[in-house]
Structure formats: C-alpha cells, structure tokens
There are 2 protein chains.
Amino acid sequence: MTRHGIVPTPVFLPVGSQGTVKTLTPEEVKDIGMAMVLANTYHLYLRPGISVIEKLGGLHKFMAWDGAILTDSGGYQVFSLASLRQVSDEGVIFRSHIDGSQHLITPELVIQFQEALGADIIMALDECPACDDSFEKVQRAMERTHQWAERCQKAQKRSDQALYAIVQGGVFPQLRRRSAEYLTSLGFSGYAIGGLSLGETKRVTLTMTEETVTFLPEDKPRYLMGVGSPEDLLEGIARGIDIFDSALPTRIARNGAFFTWQGRHNIQNAAYSQMEQPIDPDCDCYTCRTFSAAYLHHLFSCQELLGYKLATIHNLSFIASLMHKARDAILNGTFNAFKDNFLAGYKPTDEQIRLSQKQKWLKSRNLNQ
Amino acid sequence: MTRHGIVPTPVFLPVGSQGTVKTLTPEEVKDIGMAMVLANTYHLYLRPGISVIEKLGGLHKFMAWDGAILTDSGGYQVFSLASLRQVSDEGVIFRSHIDGSQHLITPELVIQFQEALGADIIMALDECPACDDSFEKVQRAMERTHQWAERCQKAQKRSDQALYAIVQGGVFPQLRRRSAEYLTSLGFSGYAIGGLSLGETKRVTLTMTEETVTFLPEDKPRYLMGVGSPEDLLEGIARGIDIFDSALPTRIARNGAFFTWQGRHNIQNAAYSQMEQPIDPDCDCYTCRTFSAAYLHHLFSCQELLGYKLATIHNLSFIASLMHKARDAILNGTFNAFKDNFLAGYKPTDEQIRLSQKQKWLKSRNLNQ
C-alpha cells in the first residue's frame with residue numbers, strides 16, 4: 001500500500017527515467033494497468049534539476065502521474081552512465097554524461113534529492129561493481145554499500161516514504177549472504193537485489209537471486225532490479241521476488257520487437273507486411289484491438305513515431321497481463337503449473353545472442369569504455 | 001457531408017501523408033476536434049502499396065480512422081519529392097524518393113488508386129510548377145493539368161467519392177482565371193487552389209487566391225492547398241476558402257514551436273524551464289490541461305518522444321479552435337471583426353525568416369536540387 005494507491009504484487013515497474021515512460025501519456029500507462037513507475041534520481045538531478053521539480057510540487061505533479069513512483073538512487077547510473085572521477089567513502093564525484101559537468105553525490109544528498117522528488121519508494125545509494133570484477137573489488141563495493149545504506153537510513157527525514165536498501169555482492173554467494181543479512185539487520189522497508197542482469201548468464205542471475213532471497217525477511221518486499229524479460233520475471237517470482245523493473249519491454253518495442261505468448265517477434269519481418277490480424281490475436285491491448293499487424297509493419301517501415309508508441313503499449317500490456325496471471329496463479333496455488341506451462345510455450349531469445357546484445361548495449365551506454 | 005460524418009467548414013485538415021497524423025492515435029485526432037484528415041496517394045502508393053491497403057479493407061480501416069479522409073493525388077509530391085524522369089501528356093515517370101525505383105502515374109491510375117484507398121474526397125492529378133517558373137512553363141503545366149482533370153473525371157467509376165479539380169496558373173492572374181473558369185466548366189464536386197505556398201511571398205499567395213476564388217462557383221467547396229499558419233487561415237477564410245491543409249502545425253510542433261493567441265513561441269526557450277503554468281493558459285487542450293510549460297521544456301531538452309506528441313496535440317487544438325471560432329463568427333456575421341481582433345494580437349513569424357525557412361525546407365525535400 002502506498003500513498004498513491006495499492007500496488008498488487010508481483011509487480012513490474014515500467015521505466016520512466018526522465019519522468020516519462022517513453023512515448024506514453026500518464027493515462028496510457030494507467031490504462032495498461034501499471035500501478036507504479038520507476039523514475040531516476042540521476043537523470044532528474046541532471047535534467048531538469050531536483051529543485052525545479054520540487055518547486056513545481058514534486059515528481060507526481062511534474063509528470064502528472066497519480067499512481068505510485070519508485071525513484072532509483074542514481075547509484076547504478078553513476079557507475080554505468082557517467083564518467084567517474086573518484087569514489088570514496090564520502091560519496092562519488094562524477095561527470096555528467098550529458099555535458100561533462102562535475103557533480104558530487106553522497107548518501108545524504110541522494111536521500112535529500114529523493115525526499116524533494118517525493119516518490120513513494122526511495123532507494124539507498126549503492127556502489128555497483130561490474131559483473132566480472134574480482135572478489136576483493138566486489139567485497140569493497142559491498143562494504144561501502146552497507147555504510148552508505150546506514151547513512152541513508154540516518155539521513156531520512158520524511159516518514160511517508162519507504163526506503164529500500166540494495167543488496168550487492170556480485171556473483172559471490174558468500175558476499176550475497178553477508179550483504180542480505182547485514183542490511184536486514186538494519187531494518188529497511190524493503191530490499192532490492194542490485195548488481196545483477198549486467199551481462200552475466202541467466203543461470204548466474206537466478207542462482208545469485210536465490211542466494212540472496214534466502215537471507216531476506218519474508219514480510220518485506222523484495223525487488224530484483226533490472227529484470228524484465230517474460231521468462232526472467234516468472235523465474236524471479238518463483239524465487240520469491242515481488243518487484244521488478246526494466247527498460248527492456250519499452251526499449252525493444254521501439255526497435256519493433258513485440259512479445260507474444262510464443263516468444264518475441266519483430267514487426268519489421270516481411271511476414272507481417274500484409275497481415276490483417278493484430279500482432280498478437282490473443283491480446284486485448286489498445287494496439288491489438290485497433291490495428292492490423294500490416295499497419296504496424298507500415299509504421300515501422302516509415303519510422304513513424306506512432307509505431308513506437310503502439311509497440312510500447314503492446315509490450316507493457318503483455319507484461320502487465322503476465323504479472324496479473326502470475327498473481328492469480330499464486331492466489332490459486334497453481335503458480336508452478338502456470339510457469340511451466342508458460343515456459344513450455346514461450347521461446348526465449350537465444351542466450352548467446354542475448355548476451356552479446358546486452359554487452360553491446362551496456363558498452364554503448366558507458367562513456368568510460 | 002461525407003460518408004464519414006459532417007465536416008463543418010471552414011475546416012483545417014491535419015496531414016497524415018503515410019496514413020498517420022504524426023505522433024497521434026486516431027482517438028487523439030478525433031478528441032482534438034478534427035473531422036477530416038489528409039493522406040497522400042504518393043506516399044501510400046510507395047509504402048505499403050495501394051493493393052495492400054485495398055486488401056485490408058481500405059484506408060479508413062487501415063489507419064483505424066472513422067472520420068472523413070481526403071487523399072491528395074500525388075501530383076505535388078511527384079513534382080517536389082520524387083526524382084523526375086519524364087513528364088508527358090500521358091503522365092509522369094518518376095523515381096521513388098525512398099529507393100529510386102521507377103514508376104508511372106497517369107490521371108487514370110491516380111483515380112484507380114484513390115478509388116482503391118476509398119477516401120471521401122479525392123483529387124485530380126495536376127502538374128505543379130515551381131513558383132519562379134516562366135509564364136510559358138506555367139501555362140503549359142496548367143493546360144496539361146486541365147487535360148488530366150478531364151481524364152480523371154472520365155476515369156472515375158465510384159459514385160460515392162467527391163472528385164476535386166486543382167486550379168493551377170502560378171502567380172499569373174490571367175492563367176489563374178482561365179484555369180478556374182475552365183475547370184468550373186467541367187463541373188467538379190469541389191475546387192482546390194494548387195501551386196501556392198511554395199516559397200512566394202504571402203502577399204502573392206493571397207492575391208492569387210483572390211484572383212482564383214472570384215472565378216470559382218459559390219456553391220462548391222474551395223480548398224487552398226498547403227496553407228496552415230493561423231494568420232493565413234483567417235486571410236484565406238476572408239477570401240472565401242472552405243478547406244485548408246498543411247503540415248506546418250504538426251511539423252513545427254516537433255521542433256518545439258507552439259501557437260498561442262499572441263504568436264508562435266518555442267518551448268526550448270529558457271524562459272519556460274521553470275514555468276508552472278501551461279504553455280498557453282488560455283488553452284483547454286489535453287496538453288495545457290495536464291502539464292506545465294516546465295515539463296514540456298524538460299521533455300524537449302531530453303528529446304523525449306512524448307514531447308513531440310504533446311506539442312502536436314496543442315498546435316492542432318489551437319488550429320481547431322481557431323477554425324471553430326471563425327465559423328461561429330461567420331454565422332454571427334462578425335467574421336471581419338474577429339479576424340481583425342485576432343491579427344491585432346497575433347505576431348506572425350517574420351516574413352523574411354519565414355521565406356528563408358520555407359525555401360530551405362522545400363530544398364531539403366527535393367532530391368533534384
């Protein structure tokens with residue numbers, strides 16, 4: 001339960017880093033069935049600036065969204081998007097990925113920013129190592145993440161925002177356990193699993209999720225950051241995850257990829273050029289109710305902006321429907337059968353292709369490389 | 001009155017060349033108050049192909065638009081967008097601006113295509129000379145336009161589509177008169193004024209409009225092609241024009257320019273960066289009802305696609321409202337006062353800047369130059 005409505009779990013949060021779920025109006029996000037969106041402190045700090053949003057009445061009012069909002073602390077973005085200057089126990093000095101300007105963030109500032117933005121759930125600052133960093137490096141990042149989490153907790157002034165800590169520990173089970181136990185001992189409103197889905201294999205992501213969840217309290221929400229493919233969502237739910245976010249469904253939509261219960265397809269395929277049926281005849285989203293696959297194919301051929309929006313609506317509707325069905329199955333005690341049945345029919349993206357795409361994408365975002 | 005609803009005049013048609021009013025869903029176009037949209041035979045012939053749309057049940061169904069549609073014949077696009085191979089009395093052989101493939105259009109084919117698309121109003125094929133062509137060249141183009149109009153009339157098989165002829169004659173009053181009189185003698189359902197708003201001064205556009213309208217029947221709709229700035233719409237209405245179309249309001253929206261009753265402004269101006277009010281406090285469109293100017297400024301700073309859509313909604317709502325007020329004023333017998341009052345408060349774009357922008361834009365579209 002949040003100040004902005006009840007959010008049934010498991011829940012997927014569409015990403016609206018810059019205060020907009022790309023291509024959609026707030027009404028469209030709501031109509032799709034989304035109860036909470038993710039926005040990003042890092043992006044909003046750089047543009048338009050935290051004080052601008054505060055002056056205009058907070059983030060909900062700024063983006064005209066009356067549902068729930070979770071703001072990420074910016075930790076991940078500072079370590080993936082910005083040019084790093086210097087990480088110290090105090091905080092991080094970084095350069096903006098937009099104009100190269102220099103900035104400092106600390107745990108205290110990150111809480112101050114998120115209190116000004118006014119999201120329903122706010123995140124502690126974490127240090128996010130790369131998935132191939134050494135044990136020692138990952139351990140140091142984890143320990144710093146723990147200190148920062150404690151400082152975030154102490155810095156919190158508002159009592160109406162839920163503060164979540166972020167478990168780190170890379171791909172090392174003993175670190176994951178230590179991180180989960182330590183943060184749990186501090187007592188947060190919820191716990192996120194960070195530092196995954198960063199280029200490691202899916203098997204490792206799932207194993208680390210398991211190794212973490214085991215040591216998290218059962219009565220607090222658990223949030224697996226950056227996970228959003230249909231198969232991963234179900235695997236995460238099976239392991240006890242309540243909250244997910246990912247730019248995947250919206251990003252691939254703008255590349256013409258759309259989800260069906262059989263797998264991911266691309267509308268630019270010539271097979272769709274004259275297809276009178278919707279892209280997914282089983283789907284009752286606005287896009288599938290209204291337009292033929294041929295029309296969508298045409299919009300993408302012409303690079304018409306409406307195409308990106310219609311594909312986004314479809315993919316988010318698919319994910320919302322998947323989460324809704326998962327919840328119903330949990331309540332009916334049939335989740336495992338539901339999951340097996342879904343996975344039997346759904347052909348995920350080839351793992352090798354996925355990894356190489358992911359690494360390419362991470363690299364393209366990272367100005368350090 | 002059309003097969004797809006009543007269209008009160010004067011009316012502005014938003015441009016949806018490729019079967020989509022850029023960035024908007026059909027519902028949004030309707031909510032703005034648009035009764036008819038323009039689509040383009042040239043664009044739809046090249047992509048996705050006329051037969052594809054015909055097979056899928058016609059253009060209304062293809063784009064999920066149940067309001068009225070006018071299709072342009074493609075004459076203007078062949079002469080402005082395509083690489084010309086050869087114009088003869090028979091028709092035009094041209095090369096696609098997309099892939100360079102070679103195509104032939106004739107008056108008969110243009111009617112066949114438009115009958116397959118199924119618009120409510122269809123246009124005859126015309127030859128559209130440049131605004132600085134010689135008298136002789138313009139006269140030859142006009143005479144060919146007349147022959148083609150006659151052939152279009154004979155080629156028409158469907159009785160449920162209104163066929164409009166296009167008056168040519170460039171900037172020469174005697175040719176404009178001859179063209180209007182000749183086409184009127186053939187008896188069309190409506191008459192368009194083509195070959196204007198192509199880089200000539202506004203004074204010339206208006207003079208040529210007057211010189212044409214005088215010789216058109218009063219009981220048939222008159223359509224001034226390619227005109228869409230607020231001041232030009234009112235000047236056109238004052239001279240007896242019923243129908244307008246232009247990509248201007250939607251194109252400039254995507255560049256951040258928005259209409260107000262005081263003139264055109266750009267949301268990217270720093271003055272809007274912290275403005276809590278909507279971009280136009282007098283406006284009751286979705287954008288102005290829902291978002292601050294600061295939010296729109298932010299979306300444009302971040303090149304967020306939602307910004308282009310919100311600006312498009314505002315600009316089309318402004319034009320719809322202007323046309324609605326003009327109609328009310330005509331019915332009340334107060335149109336001249338309304339127009340004078342509007343023009344006294346509205347600062348149009350500087351004519352020199354406008355002309356240089358227009359010429360740059362025309363040049364950028366024309367692969368021949």
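Would you be able to tell me the number of residues in segment A:295-316 that are more than 7 Å from chain B (Cβ to nearest Cβ), of a type in the set (S, T, N, Q) and either part of a helix (DSSP H, G or I) or open to solvent by less than 10 Å² (accessible area, probe 1.4 Å) (or both)? Walk me through it before giving the result.
Step one: list which residues in segment A:295-316 are more than 7 Å from chain B (Cβ to nearest Cβ), which gives A:296-297, A:300, A:303, A:307, A:309-316.
So of that shortlist, the ones also of a type in the set (S, T, N, Q) come out as A:303, A:312, A:315.
Next, from what is left, pick out any that are either part of a helix (DSSP H, G or I) or open to solvent by less than 10 Å² (accessible area, probe 1.4 Å) (or both): A:312, A:315.
Residues meeting the conditions: 2.
Those residues that are of a type outside the set (Gly, Ala, Ser), in a strand (DSSP E or B) and crowded, with 21+ Cβ neighbours inside 10 Å, I need them from segment B:246-265; list them, please.
Within segment B:246-265, B:258, B:259 meet the criteria.
Residue A:365 versus (1) within 30 Å of residue B:55 (Cβ to Cβ); (2) modelled with pLDDT under 95: which is the lone unmet condition?
Failed condition: (1).
Any residue that is part of a helix (DSSP H, G or I), more than 14 Å from every other protein chain (Cβ to nearest Cβ), under 18 Å from residue A:266 (Cα atoms) and touching a strand residue (DSSP E or B) at 6+ places or on another chain (Cβ under 6 Å) - is there at least one of those in segment A:357-365?
No, segment A:357-365 has no match at all.
Anything in segment B:155-181 that is open to solvent by 20 Å² or more (accessible area, probe 1.4 Å), under 13 Å from residue B:142 (Cβ atoms) and either in contact with a Cys (Cβ under 8 Å, 6 or more places away or on another chain) or not charged (D, E, K, R) (or both)? List them, or say none.
B:171, B:172, B:173, B:174
If you check B:214, B:260, B:250, which single one turns out to be over 15 Å from the mean Cα position of the chain (by Cα) and either within 14 Å of chain A (Cβ to nearest Cβ) or over 25 Å from residue B:194 (Cα atoms) (or both)?
Criteria check complete, one pass: B:260.
Confirm whether residue B:214 is in contact (Cβ under 8 Å) with a residue 24 or more places away in the chain and either open to solvent by 30 Å² or more (accessible area, probe 1.4 Å) or farther than 20 Å from residue B:80 by Cα (or both).
For residue B:214, the condition - in contact (Cβ under 8 Å) with a residue 24 or more places away in the chain and either open to solvent by 30 Å² or more (accessible area, probe 1.4 Å) or farther than 20 Å from residue B:80 by Cα (or both) - is met.
Write out, first by first residue and then by second, each pair whose Cβ atoms fall under 8 Å of each other, whose residues are 6+ apart or on separate chains, and whose first residue, in segment B:89-110, is within 14 Å of residue B:43 (Cβ to Cβ) while the second is of a type in the set (Ser, Thr, Tyr) and part of a loop (DSSP other than H, G, I, E, B).
That search, which allows pairs on different chains as well, returns B:103/B:96; B:110/B:73.
Restricting the search to segment B:317-369, which residues are touching a residue at least 12 places away in the same chain (Cβ under 8 Å), loosely packed, with under 12 Cβ neighbours inside 10 Å and of a type in the set (A, V, I, L, M)?
Listed by number, the list is empty, since nothing qualifies.
Pairs please, first residue from segment A:1-29 and within 14 Å of chain B (Cβ to nearest Cβ) and on the phi > 0 side of the Ramachandran plot, second anywhere and crowded, with 21+ Cβ neighbours inside 10 Å and in a loop (DSSP other than H, G, I, E, B), Cβ atoms under 8 Å, 6+ apart in sequence or on different chains.
Hits for this filter: A:19/A:63.
So which residues in segment B:171-204 are under 27 Å from residue B:360 (Cα atoms) and among the polar types (S, T, N, Q), if there are any at all?
Within segment B:171-204, B:197, B:201 qualify.
Quick check: is even one residue across segment A:30-37 touching a Gly at 6+ places or on another chain (Cβ under 8 Å), touching a residue at least 60 places away in the same chain (Cβ under 8 Å), surrounded by fewer than 22 Cβ atoms within 10 Å (Cβ to Cβ) and of a type outside the set (A, V, I, L, M, F, W, C)?
Checking segment A:30-37: not a single residue is touching a Gly at 6+ places or on another chain (Cβ under 8 Å), touching a residue at least 60 places away in the same chain (Cβ under 8 Å), surrounded by fewer than 22 Cβ atoms within 10 Å (Cβ to Cβ) and of a type outside the set (A, V, I, L, M, F, W, C).
From A:126, A:89, grab the single residue that is away from every other protein chain (no Cβ under 14 Å), buried (at least 19 other Cβ atoms within 10 Å of the Cβ) and closer than 26 Å to residue A:171 by Cβ.
So the residue among A:126, A:89 that is away from every other protein chain (no Cβ under 14 Å), buried (at least 19 other Cβ atoms within 10 Å of the Cβ) and closer than 26 Å to residue A:171 by Cβ is A:126.
Out of (1) assigned to a loop (DSSP other than H, G, I, E, B); (2) at pLDDT 95 or above; (3) under 18 Å from the mean Cα position of the chain (by Cα), the odd one out for residue A:219 is which?
Residue A:219 satisfies all of (1) assigned to a loop (DSSP other than H, G, I, E, B); (2) at pLDDT 95 or above; (3) under 18 Å from the mean Cα position of the chain (by Cα) except (3).
Quick one: how many residues across segment A:230-245 are open to solvent by 10 Å² or more (accessible area, probe 1.4 Å) and small (Gly, Ala, Ser)?
At the first step, the residues of segment A:230-245 found to be open to solvent by 10 Å² or more (accessible area, probe 1.4 Å) are A:231-232, A:235, A:237-240, A:242, A:245.
Imposing the further condition that a residue be small (Gly, Ala, Ser) reduces the set to A:238, A:240.
Selection size over segment A:230-245: 2.
Across segment B:281-294, what is the number of residues that are open to solvent by 10 Å² or more (accessible area, probe 1.4 Å) and either within 24 Å of the chain's Cα centre (by Cα) or more than 17 Å from residue A:62 (Cα to Cα) (or both)?
Residues that pass the stated criteria total 4.
Go through (1) among the polar types (S, T, N, Q); (2) buried (at least 17 other Cβ atoms within 10 Å of the Cβ); (3) part of a loop (DSSP other than H, G, I, E, B) one by one and return the number of the condition residue A:268 breaks.
(2)
Can you tell me which residue within segment B:38-70, out of those that are farther than 13 Å from residue B:118 by Cα and more than 10 Å from every other protein chain (Cβ to nearest Cβ), is surrounded by the most Cβ atoms within 10 Å (Cβ to Cβ)?
B:42
Mind telling me which of the residues A:187, A:199 ends up being modelled with pLDDT under 95 and either over 20 Å from the mean Cα position of the chain (by Cα) or within 18 Å of residue A:137 (Cβ to Cβ) (or both)?
Numbers: A:187 fails: modelled with pLDDT under 95.
The match here is A:199.
Looking only at segment A:43-84, filter to residues that are among the hydroxyl-bearing types (Ser, Thr, Tyr) and in contact with a His (Cβ under 9 Å, 6 or more places away or on another chain); which one of those is modelled with the highest pLDDT?
That would be A:45.
Within segment B:271-294, how many residues are within 11 Å of chain A (Cβ to nearest Cβ) and either closer than 15 Å to residue B:31 by Cα or assigned to a helix (DSSP H, G or I) (or both)?
Going through segment B:271-294 one residue at a time, the tally reaches 7.
Mind checking which residues of segment B:14-29 are buried (at least 24 other Cβ atoms within 10 Å of the Cβ) and within 15 Å of residue B:71 (Cβ to Cβ)?
Scanning segment B:14-29 gives B:14, B:16, B:19, B:20, B:21.
Are any residues in segment B:92-114 surrounded by fewer than 20 Cβ atoms within 10 Å (Cβ to Cβ) and not hydrophobic (A, V, I, L, M, F, W, C), and if so, which ones?
Listed by number, the residues that qualify are B:95, B:96, B:97, B:99, B:100, B:101, B:102, B:103, B:106, B:108, B:112.
Of the residues A:198, A:224, only one is part of a loop (DSSP other than H, G, I, E, B), open to solvent by less than 50 Å² (accessible area, probe 1.4 Å) and within 26 Å of residue A:89 (Cα to Cα); which?
Among A:198, A:224, only A:198 is part of a loop (DSSP other than H, G, I, E, B), open to solvent by less than 50 Å² (accessible area, probe 1.4 Å) and within 26 Å of residue A:89 (Cα to Cα).
The values are calculated or read from the model by the stated rules, or taken from the named source; none is laboratory data. Everything numeric in this text was worked out from a predicted model, so none of it was measured. Because the Cβ atoms are built from the backbone with ideal geometry, glycine has one as well, and the counts that use them run over all protein chains shown. Note: accessible area is taken over every heavy atom of the protein model, side chains too, but ligands, DNA and RNA are not part of it. Shrake-Rupley method; radii C 1.70, N 1.55, O 1.52, S 1.80 Å.
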